[in-house]
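A.B. asks: Provided herewith is a single structure, encoded as structure tokens, for subsequent inquiry.
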Amino acid sequence: MDADSSRYVKGPAAPGKEAGLGLARSIMARYVPPDASWHYEHGLLLLAARAAGEAWGDVGLARDSRERSASLVRADGSIAGYKKDEFNLDQVNSGRNVLGLYADTGEARYKAAAELLAAQLRAQPRTPSGGLWHKLIYPNQMWLDGLYMAQPFAVRYAAAFGDASFYDDAVKQFSLVADKARDPRTGLLKHAWDEKRVQLWADPETGRSPNHWGRAMGWFAMAIVDVIEAMPAGYPGAAKLSAILGELASALAEFQDEGSGLWYQVVDQGDREGNYLEASVSSMLPYAFMKGVRIGALDAGRFAPIARRAYEGAVRRFLRRGPGEEYCLEGTCSVAGLGGSPYRDGSFEYYVKEPVRVDDFKGVGPFILASIEYDGASGLGIAR
């Protein structure tokens, strides 16, 4: 599905609708129905593509996104490729698209699928402090990306089906990670936290992983604005989440690259050889900041200019335009994790040596979502 970026040139594309809709149409044209998979990256792409179609009146784009999501849910509500017994939070993310389909149609199979995912979250193993394990194979570990994978679905499920316990638990999950993964020196969050402090990557005193990986904080920031937006009006926990977001956003602003407006793969070490400006974090953070401003969780005077510089910088640096009005997005780290085999130690050297891809959905989805926020936010001082 990757584009051959050698056929493309940087720009020209206007930030906002032209950039976001152009990329969404290009990726979905290459993403044929047999490619659809129950995977968090696919769920992110389809969520963004549907949002783009609805925001900009592209009926075909929104329809194609819905159909690819629908193809994965069987008549009885079971999900192709989903395995509950893995207790993998990544497998919950695509449930947001299922909730959208249920809202569209009221079909019982979508409700059954959503119930299946909610049942996983209710039974998900927890750390002694009550944090959801990232996966069954990662005991007592909370990873920042797990917040994005589980919590936006959980609160939207709560809104749809009336299980208010998910609201309180979402606040607990964000609060726990913000407390335990935060580095007091920088104010940034580390990639993960091991409550038992037994993993080789874990600091023996704090349990925190060694470095500040950009996309991990991007996932966390996107998750928290999506959750705040879905909270009931007046819900008291939303103020606490806004405070957590504000603290992290302030810390991240200190490490925004002065020249480009973007963020590095390892956020706080931009001057080290091998580090690079990375597309997914540099799309996730402007999305989170713009949305945070729009929903009143972040101060517009401070964070709107930061978000604008970042998003416009991402358009200039990462978006390429090719023949036939096609677009591709460069510069996304393909994967980064901790533990496993071969062992991923969370070192600076590990993060900067992972492959960088074109049209990786983890960059494409947030770029499209950031484009929507930018295009719709002129009243907030985001778009010129």
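A.B. asks: Condition (residue is assigned to a loop (DSSP other than H, G, I, E, B), at positive phi, crowded, with 19+ Cβ neighbours inside 10 Å and touching a strand residue (DSSP E or B) at 6+ places or on another chain (Cβ under 7 Å)) applied to the stretch 199-210: is it met by at least one residue? Please lay out each step first, then the result.
C.D. replies: From the stretch 199-210, those assigned to a loop (DSSP other than H, G, I, E, B) are 199-207, 209-210; that's our starting set.
Still in the running and at positive phi: 207.
In the following step, the residues that additionally are crowded, with 19+ Cβ neighbours inside 10 Å were identified as 207.
Checking the rest, the ones that are also touching a strand residue (DSSP E or B) at 6+ places or on another chain (Cβ under 7 Å) come to 207.
Looking for residues that are assigned to a loop (DSSP other than H, G, I, E, B), at positive phi, crowded, with 19+ Cβ neighbours inside 10 Å and touching a strand residue (DSSP E or B) at 6+ places or on another chain (Cβ under 7 Å), one finds at least one in the stretch 199-210, hence yes.
A.B. asks: I'm trying to understand the selection: among the residues of the stretch 250-269, which are over 13 Å from ALA314 (Cα atoms) and part of a loop (DSSP other than H, G, I, E, B)?
C.D. replies: Pass one, the stretch 250-269, residues over 13 Å from ALA314 (Cα atoms): 250-255, 258, 265-269.
Matches in the stretch 250-269: GLU254, PHE255, GLU258, GLN265, VAL267, ASP268, GLN269.
A.B. asks: Also, quick follow-up: Given (1) surrounded by fewer than 17 Cβ atoms within 10 Å (Cβ to Cβ); (2) in a helix (DSSP H, G or I); (3) of a type in the set (S, T, N, Q), identify the lone condition not met by SER341.
C.D. replies: Single failed check for SER341: (2).
A.B. asks: Quick one: is ARG344 touching a Gly at 6+ places or on another chain (Cβ under 6 Å) and either among the basic types (Lys, Arg) or over 28 Å from ARG30 (Cβ atoms) (or both)? Write out each step before concluding.
C.D. replies: On the way: touching a Gly at 6+ places or on another chain (Cβ under 6 Å): yes; either among the basic types (Lys, Arg) or over 28 Å from ARG30 (Cβ atoms) (or both): yes.
In short, yes.
A.B. asks: Follow-up question, since we're still on this one. May I ask you to verify whether TYR82 is part of a loop (DSSP other than H, G, I, E, B), under 28 Å from MET28 (Cα atoms) and in contact (Cβ under 8 Å) with a residue 24 or more places away in the chain? Before the answer, list the steps.
C.D. replies: On the way: part of a loop (DSSP other than H, G, I, E, B): yes; under 28 Å from MET28 (Cα atoms): yes; in contact (Cβ under 8 Å) with a residue 24 or more places away in the chain: yes.
The answer is yes for TYR82.
A.B. asks: Is it the case that some residue within the stretch 72-84 is among the hydroxyl-bearing types (Ser, Thr, Tyr), in contact with a strand residue (DSSP E or B) (Cβ under 9 Å, 6 or more places away or on another chain) and closer than 27 Å to LEU144 by Cα? Break it down stepwise before answering.
C.D. replies: Step one: filter the stretch 72-84 for residues among the hydroxyl-bearing types (Ser, Thr, Tyr), giving 78, 82.
From what's left, in contact with a strand residue (DSSP E or B) (Cβ under 9 Å, 6 or more places away or on another chain): none.
So far as the stretch 72-84 goes, no, none of its residues is among the hydroxyl-bearing types (Ser, Thr, Tyr), in contact with a strand residue (DSSP E or B) (Cβ under 9 Å, 6 or more places away or on another chain) and closer than 27 Å to LEU144 by Cα.
A.B. asks: Under 9 Å between Cβ atoms, at least 6 apart or on separate chains: pull out the pairs that start in the stretch 171-190 with a residue that is farther than 25 Å from ALA154 by Cα and end on any residue that is of a type in the set (Asp, Glu) and part of a helix (DSSP H, G or I).
C.D. replies: Pairs that qualify, where the first residue is farther than 25 Å from ALA154 by Cα and the partner is of a type in the set (Asp, Glu) and part of a helix (DSSP H, G or I), are GLY187/GLU247.
A.B. asks: Could you list, ordered by first residue, the pairs with Cβ atoms under 8 Å in which the first is in the stretch 52-66 and farther than 18 Å from ALA19 by Cα and the second is acidic (Asp, Glu) and in a helix (DSSP H, G or I), at least 6 apart or interchain?
C.D. replies: ARG66/ASP104
A.B. asks: For the stretch 72-115, give me the residue count where each residue is more than 23 Å from the chain's Cα centre (by Cα) and either farther than 19 Å from ALA51 by Cβ or among the basic types (Lys, Arg) (or both).
C.D. replies: 12
A.B. asks: If the requirement is being crowded, with 17+ Cβ neighbours inside 10 Å, over 20 Å from the mean Cα position of the chain (by Cα) and under 17 Å from PRO366 (Cα atoms), which of these qualifies: ARG294, ARG320, ARG308?
C.D. replies: Working: ARG294 fails: over 20 Å from the mean Cα position of the chain (by Cα); ARG308 fails: over 20 Å from the mean Cα position of the chain (by Cα).
Just one listed residue meets the conditions, ARG320.
A.B. asks: Only one of TYR31, TYR82, TYR40 is surrounded by 17 or more Cβ atoms within 10 Å (Cβ to Cβ), under 22 Å from VAL227 (Cα atoms) and among the hydroxyl-bearing types (Ser, Thr, Tyr); which? Outline the logic, then answer.
C.D. replies: On the way: TYR31 fails: under 22 Å from VAL227 (Cα atoms); TYR82 fails: under 22 Å from VAL227 (Cα atoms).
Going through TYR31, TYR82, TYR40 in turn, the sole match is TYR40.
A.B. asks: Basic (Lys, Arg), outside any loop (DSSP other than H, G, I, E, B) and crowded, with 19+ Cβ neighbours inside 10 Å, is that true of ARG302? Steps first, please.
C.D. replies: On the way: basic (Lys, Arg): yes; outside any loop (DSSP other than H, G, I, E, B): yes; crowded, with 19+ Cβ neighbours inside 10 Å: no.
Criteria not met by ARG302.
A.B. asks: Restricting to the stretch 158-174, name every residue that is over 18 Å from the mean Cα position of the chain (by Cα) and assigned to a helix (DSSP H, G or I). Please lay out each step first, then the result.
C.D. replies: Within the stretch 158-174, the subset over 18 Å from the mean Cα position of the chain (by Cα) is 158-169, 172.
ALA158, ALA159, ALA160, PHE161, SER165, PHE166, TYR167, ASP168, ASP169, LYS172 - these are the residues of the stretch 158-174 that are over 18 Å from the mean Cα position of the chain (by Cα) and assigned to a helix (DSSP H, G or I).
A.B. asks: Shifting gears a bit: Mind checking which residues of the stretch 344-365 are assigned to a helix (DSSP H, G or I) and without any contact (Cβ under 8 Å) to a residue 40 or more places away in the chain?
C.D. replies: Let us first name the residues in the stretch 344-365 that are assigned to a helix (DSSP H, G or I), namely 348-353, 361-365.
Across the stretch 344-365, the qualifying residue is only TYR350.
A.B. asks: Quick check on PRO286: is it surrounded by fewer than 17 Cβ atoms within 10 Å (Cβ to Cβ) and at negative phi?
C.D. replies: Judged against the criteria, PRO286 is not a match.
A.B. asks: Continuing with the same structure: Look through the stretch 150-170, keep the residues that are acidic (Asp, Glu) and without any contact (Cβ under 8 Å) to a residue 60 or more places away in the chain, and return whichever of them is surrounded by the most Cβ atoms within 10 Å (Cβ to Cβ). Talk me through it step by step, then tell me what you get.
C.D. replies: Filtering the stretch 150-170 down to residues acidic (Asp, Glu) leaves 163, 168-169.
When the remaining residues are screened for being without any contact (Cβ under 8 Å) to a residue 60 or more places away in the chain, the result is 163, 169.
On the way: ASP163: 16, ASP169: 21.
Applying the filter and picking the extreme gives ASP169.
A.B. asks: Just one of LEU147, LEU99 is surrounded by 15 or more Cβ atoms within 10 Å (Cβ to Cβ), out of contact with any His (no Cβ under 8 Å at 6 or more places or on another chain), among the aliphatic types (A, V, I, L, M) and within 25 Å of HIS212 (Cα to Cα); which is it? Before you say what the answer is, go through the steps one by one.
C.D. replies: Details: LEU99 fails: within 25 Å of HIS212 (Cα to Cα).
Selected residue: LEU147, the only one of LEU147, LEU99 that is surrounded by 15 or more Cβ atoms within 10 Å (Cβ to Cβ), out of contact with any His (no Cβ under 8 Å at 6 or more places or on another chain), among the aliphatic types (A, V, I, L, M) and within 25 Å of HIS212 (Cα to Cα).
A.B. asks: Would you confirm, using the coordinates I've provided, whether ALA233 is modelled with pLDDT under 95 and on the phi < 0 side of the Ramachandran plot?
C.D. replies: On the way: modelled with pLDDT under 95: yes; on the phi < 0 side of the Ramachandran plot: yes.
The answer is yes for ALA233.
The values are calculated or read from the model by the stated rules, or taken from the named source; none is laboratory data. Computed from a predicted structure; not experimentally measured. Note: ideal-geometry Cβ built from the backbone for every residue, glycine included; neighbour counts use all protein chains shown.
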